[in-house]
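Worksheet: one structure, shown below.
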Amino acid sequence: MPTGVATGINGSKDPTVLVELAIGDAYGAGFEYAEASFVAAHNTLTGYVEHPFHHGLRPGCYTDDTQMSIAIAELLVSADPWTPENLAERFVAAFRRDERVGYSRGFYELLRSVSSGVELLARVDPRSSRSGAAMRAGPIGVLPEVAEVLAYAAIQARITHDTDAGIQAAQAAALAAHYCYHHLGPRSAVARWVDEELRRAGGRGGWAEPFSGSVGAEGWMSVRAALTALGSCPSLSTLLRTCVAYTGDVDTVATIALAAASTSSEVHHDLPAVLWNGLEDGTYGRSYLRRLEHRLFSRYPAAS
Ligand SMILES: [Mg+2]
């Protein structure tokens, strides 16, 4: 089935979120911090691209963004409470059972050297303002209330990104997913809504300002780039190409944008079948993501 695979799934009442954010991550990973000329030449959606210099990244394999989103989703569907200890335990478990690249060097070494969430919490330096807490926040959007989304996003962010900038970037990413999943308004207004909600919660705002240029490592950059693209792209294919065309940390931009857009009823689901079918499908690959997102959606149904 050519593009019908994704279209059929999303055209029905059977949305996806984890698979599509993983496709965004895996596709974007081939272009992360690559030269603009490489991006311009290969950002065609005709397949997963081999990264020009990170040879540890295999085309079609997702990275840290998806692995940590899986950990978040697994805790959401479990009976365990939303605590730093349980979150850290899930982060460590997801990495240890399926070690992969893409994490920042320091965090990768830390994950390799700890054997429990408690140990991670004891040893991590949580003062980052980069995008790590935002890239994994998408699944939190399924929660039914804005206040819960803000609280859950902040609790998970503080484990590694205990700064105003790191926390608010995570909250903004989760709110964007929440807005789309629960059909709170037109797609074109998502950035404005996120901005209003975060200002109301005491945040600094600025989320509705259009982003342009290359995306650096700071959390606000990936999120604002994703929000800008979400507002202007009517289909997943244009969205994914637009996210990657920024250049820079584009796997994270694409992960955040697709986590939201994948559940929007206003976005045309037209990702090429080559990306759907080419996504890794090992133990924690596409089929696992499908099963996990089914559990997520049945536990937290969308507002009708
Ligand atoms: Mg990544």
Per-residue accessible area, 1.4 Å probe, largest first, puts Trp276, Trp193, Trp220 in the order Trp220, Trp193, Trp276
Taking all protein chains together and a probe of 1.4 Å, list Thr242, Thr252 from the most accessible to the least accessible. Thr242, Thr252
Of Trp220, Pro186, Ile155, farthest towards positive along the dipole that unit charges on Lys, Arg, Asp, Glu beta carbons give the range 134-226: Pro186
Using amide H atoms built 1.01 Å from N in the peptide plane, name the residues 5+ places from His268, or on other chains, whose amide H lies under 5 Å from its own. Ser235, Leu236
Amide H contacts under 5 Å for Arg130, restricted to residues at least 5 apart in sequence or on another chain and with H modeled in the peptide plane, are Gly219
Connecting C-alpha atoms closer than 10 Å in a GNM of the chain, tell me which of Asp270, Asp65, Asp249 has the biggest fluctuation. Asp270
Cα centroid distance between the range 24-41 and the range 111-189, in Å? 24 Å
Mind listing the Cα extents of the range 1-150 along all three principal axes, in Å, largest one first? 45, 40, 27
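At 27 angstrom or more along the helix axis (alpha-carbon based) and mean Kyte-Doolittle of 0.0 or higher, what helices does the chain contain? Whole DSSP H runs only.
none
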Taking the Cα centre of the chain as origin, work out the dipole magnitude from +1 charges on Lys and Arg Cβ and -1 charges on Asp and Glu Cβ, in debye rounded to 20. 200 debye
Please give the solvent-accessible surface of Thr44 in Å², to the nearest 10, using a probe radius of 1.4 Å with every protein chain present. 60 Å²
Connecting C-alpha atoms closer than 10 Å in a GNM of the chain, tell me which of Ser212, Ser37, Ser235 has the biggest fluctuation. Ser37
Run the numbers for Val118 and Ser212: contour at 0.36 nm per residue of separation, minus the present Cα-Cα distance, in nm. 29.9 nm
Distance (nanometres) between label positions extended 7 Å along Cα→Cβ at Val274 and Glu196: 4.2 nm
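The values are calculated or read from the model by the stated rules, or taken from the named source; none is laboratory data. These figures come from a predicted structure and were not determined experimentally. When we count neighbours, we look across all protein chains shown, and the Cβ atoms used for this are built from the backbone with ideal geometry, even at glycine. For the accessible areas, the whole protein counts, side chains as well, though only heavy atoms, and no ligand, DNA or RNA atoms are used. Shrake-Rupley method; radii C 1.70, N 1.55, O 1.52, S 1.80 Å.
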